[in-house]
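The values are calculated or read from the model by the stated rules, or taken from the named source; none is laboratory data. Quick caveat, the model's predicted, so the values are computed rather than measured. With ideal geometry, Cβ positions are generated from the backbone for all residues, glycine too; neighbour counts draw on all protein chains shown. Just the protein is used for accessible areas: all its heavy atoms, side chains included, with ligands, DNA and RNA removed. Shrake-Rupley method; radii C 1.70, N 1.55, O 1.52, S 1.80 Å.
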Amino acid sequence: MRVGQGGNGPGPLTPDGSAVELYEITQIHGEDELISAAIEPGSNILELGCGTGRVTRPLLARGHHVVAVDESPDMIARVSETETICSTIGDLRLDRQFDLVLMMSYLINVADDAERLRLLRTCAHHVRPGGSVILQQQTPGMLRGPAVMVNEQRRMEISDVEELPGNRQAATLTYTIDGKTWSQRILTQNLSEDQLAAQLAEAGLQRTGYLTPDKTWVRAQLN
Ligand SMILES: C[S@@+](CC[C@H](N)C(=O)[O-])C[C@H]1O[C@@H](n2cnc3c(N)ncnc32)[C@H](O)[C@@H]1O
């Protein structure tokens with residue numbers, strides 16, 4: 001397990017505490033539509049932290065080409081429809097550039113500046129000139145708790161929220177689907193616009209826009 005993160009529940013868990021079985025049955029919530037609208041048809045995509053391919057498959061179905069990367073062999077084993085690479089994001093160095101490097105799931109909010117820079121350097125290394133890096137980030141107020149969110153598919157509870165120095169937060173996320181329950185303790189860091197801009201610049205990137213008004217989806221490009 002990574003520092004500050006852990007999980008429990010049925011089936012295998014990844015080093016960041018994500019549950020493989022949970023992601024296998026979690027539905028897409030329009031992420032593919034949002035991403036696809038922001039790129040050219042038939043784009044070559046490098047997806048970092050693909051999990052079980054929840055977003056990979058819909059992107060393939062929309063006609064894009066996806067290379068899917070995850071550090072968890074248990075996660076990546078569920079992705080059989082395209083090329084996969086089992087690697088940590090920070091260590092990945094392919095000799096190929098992509099139209100889009102996609103890093104979702106708030107991985108950018110890792111509460112460690114050095115690790116965040118490593119993630120961004122991997123994004124910068126793999127995006128072609130003129131191509132895009134798309135990041136999904138946590139924004140202030142997202143991790144407010146205690147709270148319970150229920151939809152037709154699942155129940156999600158946010159509890160034990162701790163506000164920590166440096167805009168960091170710890171929280172427990174508990175998901176229940178079809179009578180199965182998984183808990184994940186997360187540690188995240190909210191980034192101000194200036195902080196993210198500075199780290200993007202250190203990695204050779206610049207923010208060129210947002211995909212959504214709430215600024216959770218960020219587009220960056222090579223400087
Ligand atoms: C919360 S899951 C989300 C998976 C997928 N993006 C989705 O939305 O369904 C996060 C995934 O990122 C992977 N991951 C987290 N940190 C990583 C890292 N540093 N290198 C490679 N994979 C990582 C985990 O193994 C896990 O599969």
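Before anything else, pin down the relative contact order of segment 1-132: Cα pairs under 8 Å, at least 6 apart, normalised by residue count, whole percent. All intermediate terms of the calculation are to be shown ahead of the outcome.
Details: 213 pairs, mean separation 26.0, N = 132.
Value for segment 1-132: 20 percent.
What are the radius of gyration and Dmax of segment 68-155, computed over its Cα atoms and given in Å?
Using the Cα atoms of segment 68-155, the pair Rg, Dmax is 15.6, 45 Å.
Can you give the accessible area per residue of segment 37-95, in Å², using a 1.4 Å probe? Don't skip to the end; give the middle numbers.
Numbers: 2510 Å² over 59 residues.
With all protein chains present, segment 37-95 gives 43 Å² per residue.
When the chain is fully extended, how far beyond the present Cα-Cα distance does Q206 get from E152, taking 0.36 nm per residue of separation?
15.6 nm
Please compute P(r) over all alpha-carbon pairs of segment 93-223, binned at 10 Å starting from zero, and give each bin as a whole-number percent.
Going out from 0 Å in 10 Å bins, segment 93-223 shows 12, 38, 29, 18, 3 percent.
Once both labels are modelled 7 Å past Cα along the beta-carbon direction, what's the R185-C86 spacing in nm?
Distance between label points: 2.7 nm.
What percent antiparallel are the DSSP beta bridges of the chain, to the nearest 5? Working shown, then result.
Values: 36 of 53 bridges.
Around 70 percent antiparallel, to the nearest 5.
In whole percent, how big is the carbon plus sulfur part of the accessible area of the chain, probe 1.4 Å, protein atoms only?
Numbers: 4950 of 10210 Å².
Summing carbon and sulfur atoms, their accessible area is 48 percent of the total for the chain.
So what is the 222 nm mean residue ellipticity for the chain from helices alone, if each DSSP H run of at least 4 adds -39500 (n - 2.57) and you divide by all residues, rounding to the nearest 500 deg cm²/dmol? Kindly include the intermediate steps, with their values, before the conclusion.
On the way: 6 runs with 47 residues, N = 223.
So the calculated ellipticity at 222 nm is -5500 deg cm²/dmol.
Any idea what the dipole of segment 31-105 comes to, in debye rounded to 20, about its Cα centre with Lys/Arg Cβ at +1 and Asp/Glu Cβ at -1?
Numbers: 6 positive and 13 negative charges, 17 e Å.
Dipole about the Cα centre, nearest 20: 80 debye.
Rank P146, T208, F98 by how far each Cα sits towards the positive end of the charge dipole of segment 90-217 (+1 on Lys, Arg Cβ; -1 on Asp, Glu Cβ) and give me just the farthest.
Projecting each Cα onto the dipole axis, the largest value belongs to F98.
Just how large is the dipole of the chain about the Cα centre, in debye to the nearest 20, putting +1 at every Lys and Arg Cβ and -1 at every Asp and Glu Cβ?
Approximately 160 debye in magnitude.
Could you sort 105-111, 199-205 so that the peptide with the highest average Cβ count within 10 Å comes first and the rest follow in order? Provide the component values of the computation, followed by the final result.
Details: 105-111: 20.9, 199-205: 18.7.
Most protected by this proxy first, the peptides run 105-111, 199-205.
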